[in-house]
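The values are calculated or read from the model by the stated rules, or taken from the named source; none is laboratory data. This structure is a prediction, so every number in the text was calculated from the model and none was measured. Virtual Cβ from ideal backbone geometry, glycine too; neighbours counted across all protein chains shown. To get the accessible areas, we keep the full protein, side chains included, count just its heavy atoms, and leave off ligands, DNA and RNA. Shrake-Rupley method; radii C 1.70, N 1.55, O 1.52, S 1.80 Å.
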Amino acid sequence: MTAGRRFSSFYLLVLAPLLAPAAFLYFIGICLDRLLRRWRGQKFPIPVISIGNLTLGGTAKTPFVIKTVKDLQHLSVKPAILSRGYRGLFRTSPPKAYGLGSGAKMDIPEADEPALYLSKLAEVPVGVGADRVALAKELLKEAKPDAFVLDDGFQHWPIQRDLDVVCVDATDPWGGGHLLPWGRLREPVRSVKRAHWVVLTRSEMVSREALEHIRKAYEKWVGEGHVLIAESLYRLADWTGAAVDLGRLLGKHALALSAIGNPVAFEDVVRKYGATVKPLRYLDHHDYSEKDLKIIEARSRQEFALVVTTEKDLIKLKRTSWGKLLYVPVPLLVLQMEVILRPEDEEKWQSALKSLFTDTIPFRPSKAGEQFLKADKREGR
């Protein structure tokens with residue numbers, strides 16, 4: 001019996017029965033949190049678009065936030081991003097807005113996504129902090145945006161949203177089937193009925209039959225035509241950001257270095273492009289130490305392997321001593337990811353965004369939003 005199978009048997013026989021009661025207590029906690037905080041949500045004078053998920057990371061939420069911001073810019077809308085930061089960064093300190101202009105830097109530990117937004121998006125204000133209501137008020141005063149994009153906002157009650165989007169990884173559509181800490185779900189899958197849209201990401205990694213089954217299952221909760229199919233486009237770059245052909249991976253040994261929510265999906269992509277993958281995983285949002293760098297260098301040499309990492313991990317690696325170097329001591333490549341919607345779904349998405357804005361009225365809910373607000377009243381939610 002392999003080590004993996006031994007662990008699976010141990011999990012099913014020993015850990016699962018222990019974690020099930022904890023998951024039940026977690027469920028009671030999220031219900032109370034929703035009950036106590038939902039009705040006090042702050043309404044803002046500009047549209048709020050939430051991009052969230054049901055699980056702990058790994059749903060391509062960050063690339064879809066980037067896409068949403070760019071889509072708003074193409075509509076001549078000035079967006080600002082509100083991010084909680086990992087584990088409620090700055091919970092005990094005053095709220096602070098960052099990135100009120102292009103070229104801003106965010107050399108803050110555990111601010112991976114906001115730093116990535118600043119590197120990818122020009123002239124976009126990015127606010128980071130646990131108190132996103134205070135952040136929004138500060139950004140309204142300082143940056144005067146036309147819309148807020150609420151990063152990871154599906155479970156965030158203090159701010160009312162006008163468009164709720166949930167990203168679901170098509171390769172793991174049910175989040176392990178259990179709530180935390182038993183599974184990976186933040187709340188039951190049926191909670192997605194609060195959303196206006198579901199975006200099925202990484203659709204290219206599953207069969208057409210499986211994708212259609214997942215789409216129909218989610219349409220039962222959000223309505224027919226409100227499940228969008230997204231595909232991923234991948235590129236490679238080196239440490240300096242210069243483009244590298246994806247063919248560079250073909251036939252190579254690749255040390256897949258990551259500290260993300262779903263390392264398996266990342267490793268599968270590297271494998272898809274012809275590399276023999278050797279995983280090197282750290283916990284989600286791990287900050288790399290000098291000891292980690294030595295381990296990475298040693299394994300790269302011993303296994304004659306390229307080091308392939310993610311854009312989020314690159315940001316953290318550049319905060320280490322490697323960040324002072326023009327070239328790092330290992331052959332390192334960065335896998336870049338972009339999310340695109342199928343043409344027919346792209347048209348639906350653009351219509352949903354446009355419906356948030358008119359020439360004569362500063363804001364009105366989208367048609368999908370109106371339907372769900374009516375449903376909320378009928379169901380007493």
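Put simply, of 65, 77 the only residue that is within 20 Å of the chain's Cα centre (by Cα), within 30 Å of residue 229 (Cα to Cα), at pLDDT 65 or above and crowded, with 16+ Cβ neighbours inside 10 Å is 65.
Residues in the stretch 256-269 that are touching a residue at least 60 places away in the same chain (Cβ under 8 Å) and outside any helix (DSSP H, G or I): 260, 261, 262.
Would you say residue 133 is open to solvent by less than 10 Å² (accessible area, probe 1.4 Å) and modelled with pLDDT of 85 or more? It is false that residue 133 is open to solvent by less than 10 Å² (accessible area, probe 1.4 Å) and modelled with pLDDT of 85 or more.
Within the stretch 45-76, the set of residues being within 30 Å of residue 180 (Cβ to Cβ), assigned to a loop (DSSP other than H, G, I, E, B) and not small (Gly, Ala, Ser) comprises 54, 56, 59. Which members of the stretch 197-213 meet the condition of being closer than 14 Å to residue 345 by Cβ and crowded, with 21+ Cβ neighbours inside 10 Å? 197, 198, 199, 200, 201, 203 - these are the residues of the stretch 197-213 that are closer than 14 Å to residue 345 by Cβ and crowded, with 21+ Cβ neighbours inside 10 Å.
Flag: residue 241 does not match the condition of being open to solvent by 30 Å² or more (accessible area, probe 1.4 Å), among the small types (Gly, Ala, Ser) and assigned to a helix (DSSP H, G or I).
Where residues in the stretch 324-354 are under 24 Å from the mean Cα position of the chain (by Cα) and without any contact (Cβ under 8 Å) to a residue 24 or more places away in the chain, which of them is surrounded by the fewest Cβ atoms within 10 Å (Cβ to Cβ)?
Once the filter is applied, the top-ranked residue is 343.
Of all residue pairs spaced 6 or more apart or on separate chains, those with beta-carbon atoms under 7 Å, a first member in the stretch 158-174 that is within 26 Å of residue 136 (Cβ to Cβ) and in a loop (DSSP other than H, G, I, E, B) and a second member that is open to solvent by less than 10 Å² (accessible area, probe 1.4 Å) and among the basic types (Lys, Arg) are 158/132. For residue 282, indicate whether it is open to solvent by less than 60 Å² (accessible area, probe 1.4 Å) and more than 18 Å from the chain's Cα centre (by Cα). No: the conditions fail for residue 282. Candidates 118, 180, 163: the one that is crowded, with 21+ Cβ neighbours inside 10 Å and at pLDDT below 90 is 118.
Of the residues making up the stretch 139-155, those that are among the aliphatic types (A, V, I, L, M) and either in a loop (DSSP other than H, G, I, E, B) or buried (at least 22 other Cβ atoms within 10 Å of the Cβ) (or both) are 139, 143, 147, 149, 150.
In the stretch 294-309, the residues that are more than 14 Å from residue 277 (Cβ to Cβ) never reach a residue that is among the small types (Gly, Ala, Ser) and open to solvent by 10 Å² or more (accessible area, probe 1.4 Å) with C-beta atoms less than 9 angstrom apart, at least six apart or across chains. Can you tell me which residue within the stretch 214-238, out of those that are of a type in the set (D, E, K, R) and more than 29 Å from residue 279 (Cβ to Cβ), is least open to solvent (accessible area, probe 1.4 Å)? Once the filter is applied, the top-ranked residue is 219. For residue 191, the conditions (1) farther than 19 Å from residue 221 by Cα; (2) surrounded by fewer than 19 Cβ atoms within 10 Å (Cβ to Cβ) are fulfilled apart from (1).
Tell me, please, whether a residue that is open to solvent by 60 Å² or more (accessible area, probe 1.4 Å), part of a helix (DSSP H, G or I), under 29 Å from residue 334 (Cα atoms) and not polar (S, T, N, Q) can be found in the stretch 246-255. Checking the stretch 246-255: at least one residue is open to solvent by 60 Å² or more (accessible area, probe 1.4 Å), part of a helix (DSSP H, G or I), under 29 Å from residue 334 (Cα atoms) and not polar (S, T, N, Q).
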